[in-house]
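Have a look at the structure below before the remarks.
The values are calculated or read from the model by the stated rules, or taken from the named source; none is laboratory data. This structure is a prediction, so every number in the text was calculated from the model and none was measured. With ideal geometry, Cβ positions are generated from the backbone for all residues, glycine too; neighbour counts draw on all protein chains shown.
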Number of protein chains: 2
Amino acid sequence: MEKINSLQNRKVKEWASLQQKKYRDAQGRFLIEGEHLIQEALEAGCVEAIISTGDQPFRFDTVYEVTDAIMKKLSRNPSGAEYIAVCRFPVFPARDETRVILLDGVQDPGNLGTLIRTAVSFGFDHVWCSAGCADLYNEKTIRSTQGALFRIPVERTDLKNTVQELKQKGFTVIGTALRDSVPFASLSVPDQAAFVFGNEGNGITAEILDLCDRCVRIEMDGFESLNVAVAGGIVMYRFRKGI
Amino acid sequence: MEKINSLQNRKVKEWASLQQKKYRDAQGRFLIEGEHLIQEALEAGCVEAIISTGDQPFRFDTVYEVTDAIMKKLSRNPSGAEYIAVCRFPVFPARDETRVILLDGVQDPGNLGTLIRTAVSFGFDHVWCSAGCADLYNEKTIRSTQGALFRIPVERTDLKNTVQELKQKGFTVIGTALRDSVPFASLSVPDQAAFVFGNEGNGITAEILDLCDRCVRIEMDGFESLNVAVAGGIVMYRFRKGI
């Protein structure tokens with residue numbers, strides 16, 4: 001265990017830089033807080049170092065003990081944190097996939113994180129995000145995943161290309177929209193399904209909607225308004241693995 | 001239309017006080033921002049006054065034109081708002097009810113608002129909240145309802161009493177929990193159903209769980225973790241009215 005007392009320490013400055021997206025992307029690393037999240041990251045083998053102000057409950061070799069002032073600088077919680085972990089972006093081995101979701105401009109980090117959490121709970125294989133989606137390693141996104149980001153590949157992509165590739169692999173691509181769509185209950189279960197969810201205000205872009213094989217609407221009564229993460233939950237529950 | 005230029009104006013001070021829960025509760029009034037929300041409030045007949053810095057698109061008689069400084073003081077948006085409406089707490093006539101939800105300590109305003117929004121979209125009749133739930137007239141809750149709070153009675157209550165009253169009226173009370181519960185898909189549709197959703201971290205309290213007629217779990221694969229608003233969406237979709 002190494003002790004660090006100075007806010008000017010090179011490592012402290014490096015860690016603090018990970019609060020900004022550009023440095024996270026450049027380094028392929030990010031910070032997480034909270035015992036449950038750190039436990040998930042350890043199980044996934046993504047932890048590089050644990051930073052703590054004192055005793056810490058994790059079985060891990062690389063630990064830095066820091067002052068309260070350093071912890072406060074690194075934490076996104078105004079009152080500081082007990083421990084923080086420095087993580088590498090998770091990577092996953094390729095596997096056969098049958099259920100994936102595509103997110104077209106899901107802007108709210110809470111919605112993005114919740115969709116990832118739900119995807120893992122219902123056994124989905126992959127999440128693809130358009131460039132317009134919230135950042136995966138944003139602190140709010142991570143918190144909303146409840147650790148699910150360490151269990152499923154989530155990739156930022158050119159969604160148009162990904163839709164075309166999935167179709168070539170035999171996936172049925174299913175959009176969700178209020179207009180020009182069939183009732184969700186009428187949808188049969190394809191072997192390989194990719195579900196597309198759109199932006200909170202504007203839904204799926206016309207370009208992506210045009211590429212969808214089918215388009216479904218969740219049946220509603222008068223007030224037709226669903227949060228995108230709720231819509232995602234309803235769809236993924238019905239098409240969960242091991243149904 | 002009345003013009004107000006002074007931050008010291010009595011009305012301005014009264015409106016500003018509505019940013020605090022105790023004054024909202026004492027006066028039975030609250031502020032909302034945004035065209036869509038104000039339109040919903042007007043349709044519900046809940047608007048007392050519209051406050052604007054200039055032209056405004058609403059058909060309503062009681063309008064106050066204020067300065068940018070006053071608007072900034074009243075708005076929860078750091079960059080101010082175009083218009084704000086002063087609303088009365090909505091009241092609803094009694095009606096026959098067959099589908100209701102009970103929220104036991106749903107703490108996050110976003111989750112509370114999203115559950116209300118989903119309840120309206122799926123034709124539910126009533127939302128009951130325990131004392132431990134987030135405040136309904138919190139700005140974040142209101143925003144998450146997307147205006148649904150003007151379409152459904154939402155009441156803060158002693159949940160234990162309400163559960164007992166609902167059972168006496170013939171409702172089947174159904175809790176959601178991971179343990180000691182049956183798969184959700186196995187649940188048949190009762191004529192009158194009350195669904196209970198619990199706190200984000202701890203679920204439903206033991207006291208309320210003991211009173212439930214049945215208890216269901218949403219079937220998940222390994223990573224058993226769902227956001228409460230997503231769980232609510234899955235349950236309410238299956239038991240929506242006009243199914």
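So, residue A:135, is that one touching a residue at least 60 places away in the same chain (Cβ under 8 Å), assigned to a loop (DSSP other than H, G, I, E, B), more than 22 Å from residue A:93 (Cβ to Cβ) and among the charged types (D, E, K, R) or not? Spelling it out, residue A:135 is indeed touching a residue at least 60 places away in the same chain (Cβ under 8 Å), assigned to a loop (DSSP other than H, G, I, E, B), more than 22 Å from residue A:93 (Cβ to Cβ) and among the charged types (D, E, K, R).
Just a yes or no: is a residue in region B:60-68 among the aromatic types (Phe, Trp, Tyr), touching a Cys at 6+ places or on another chain (Cβ under 9 Å), farther than 18 Å from residue B:235 by Cα and away from every other protein chain (no Cβ under 14 Å)? Please lay out each step first, then the result.
Kept after step one, since they are among the aromatic types (Phe, Trp, Tyr), are these residues of region B:60-68: B:60, B:64.
Okay, now just the ones that are also touching a Cys at 6+ places or on another chain (Cβ under 9 Å), so none.
No, every residue in region B:60-68 fails to be among the aromatic types (Phe, Trp, Tyr), touching a Cys at 6+ places or on another chain (Cβ under 9 Å), farther than 18 Å from residue B:235 by Cα and away from every other protein chain (no Cβ under 14 Å).
Under 30 Å from residue A:226 (Cβ atoms), more than 14 Å from every other protein chain (Cβ to nearest Cβ), among the aromatic types (Phe, Trp, Tyr) and surrounded by fewer than 24 Cβ atoms within 10 Å (Cβ to Cβ), is that true of residue A:83? Don't jump to the end; show me each part of the working.
On the way: under 30 Å from residue A:226 (Cβ atoms): no; more than 14 Å from every other protein chain (Cβ to nearest Cβ): yes; among the aromatic types (Phe, Trp, Tyr): yes; surrounded by fewer than 24 Cβ atoms within 10 Å (Cβ to Cβ): yes.
Taking the combined requirement at face value, the residue does not satisfy it.
Of all the criteria given as (1) under 30 Å from residue A:19 (Cβ atoms); (2) at pLDDT below 95; (3) among the aliphatic types (A, V, I, L, M), the one not satisfied by residue A:142 is (2).
The one condition from (1) within 29 Å of residue A:221 (Cα to Cα); (2) free of Cβ contacts under 8 Å to residues at least 40 places away in the same chain; (3) surrounded by fewer than 20 Cβ atoms within 10 Å (Cβ to Cβ) that residue A:95 does not meet is (1). Could you list, in sequence order, the residues of region A:64-90 that are touching a residue at least 24 places away in the same chain (Cβ under 8 Å) and of a type in the set (A, V, I, L, M)? If the condition is that a residue be touching a residue at least 24 places away in the same chain (Cβ under 8 Å) and of a type in the set (A, V, I, L, M), then A:66, A:69, A:70, A:74, A:81, A:84, A:85, A:86 are the ones that fit.
Filtering region A:75-106 to residues that are part of a strand (DSSP E or B), modelled with pLDDT of 95 or more and among the aromatic types (Phe, Trp, Tyr) leaves nothing. Restricted to region B:107-131, and to residues there that are away from every other protein chain (no Cβ under 13 Å) and assigned to a loop (DSSP other than H, G, I, E, B), the residue that is surrounded by the most Cβ atoms within 10 Å (Cβ to Cβ) is B:130. Condition test on residue A:134, is it in contact with a Ser or Thr (Cβ under 8 Å, 6 or more places away or on another chain) and either among the β-branched types (Val, Ile, Thr) or buried (at least 23 other Cβ atoms within 10 Å of the Cβ) (or both)? No; evaluated as a whole, the condition is false for this residue. Scanning region A:205-242 for residues that are free of Cβ contacts under 8 Å to residues at least 12 places away in the same chain, at negative phi and over 21 Å from the mean Cα position of the chain (by Cα) yields A:206, A:210, A:220, A:221, A:223, A:225.
Filtering region B:15-24 to residues that are in contact (Cβ under 8 Å) with a residue 12 or more places away in the chain and not basic (Lys, Arg) leaves B:15, B:16, B:18, B:19.
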